[in-house]
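Only the coordinates and a few stated rules stand behind these numbers; no lab work does. Everything numeric here is computed off the predicted structure, so don't read it as measured data. All Cβ positions, even for glycine, are placed from backbone atoms using ideal geometry, and neighbour counts span all protein chains on display.
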């Protein structure tokens with residue numbers, strides 16, 4: 001009887017030793033969420049949108065209350081608020097259509113979308129200026145502070161209940 005190690009047996013043994021840990025790790029399904037676990041996640045996209053909208057409404061109400069608007073200013077407030085909401089969705093291009101366009105055609109489409117955004121921003125700025133002009137100097141100071149805190153370039157926007165005290 002020969003006692004020499006067959007290279008094929010050695011290769012099979014090595015393959016088994018290296019693959020067993022990976023197979024057992026892949027078989028462990030505890031890390032893979034089941035359909036019931038997916039549904040029990042803290043919030044889905046619609047809940048997140050609803051929470052953000054509710055937080056934004058609370059924030060705007062707090063801003064409104066901090067301004068202490070007169071009855072005459074309320075109509076201008078409503079116009080200002082309506083202008084800050086997107087009334088018309090920006091025309092988005094179907095990704096399948098974009099894939100068929102040439103680079104210059106895609107660039108033209110993106111430029112058109114930017115022009116739409118710019119028009120909407122111009123309307124918002126105009127409404128802001130009209131509303132701002134009708135505020136008292138003290139209200140303007142509050143508005144300036146609020147608008148500064150809402151700057152999208154800042155990493156953490158002001159949260160409801162965090163309206164700064166203006167003296």
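Can you give the extra length, in nm with one decimal, that the chain gains between residue 121 and residue 105 once fully stretched, where that is 0.36 nm per residue apart less the Cα-Cα distance?
Numbers: separation 16, 0.36 × 16 = 5.76 nm, distance 2.45 nm.
That works out to 3.3 nm of additional length.
Please list, by residue number, everything in the range 58-86 whose backbone N is under 13 Å from a paramagnetic label point 7 Å out along Cα→Cβ of residue 128.
Only 80-81, 83-85 pass the distance filter.
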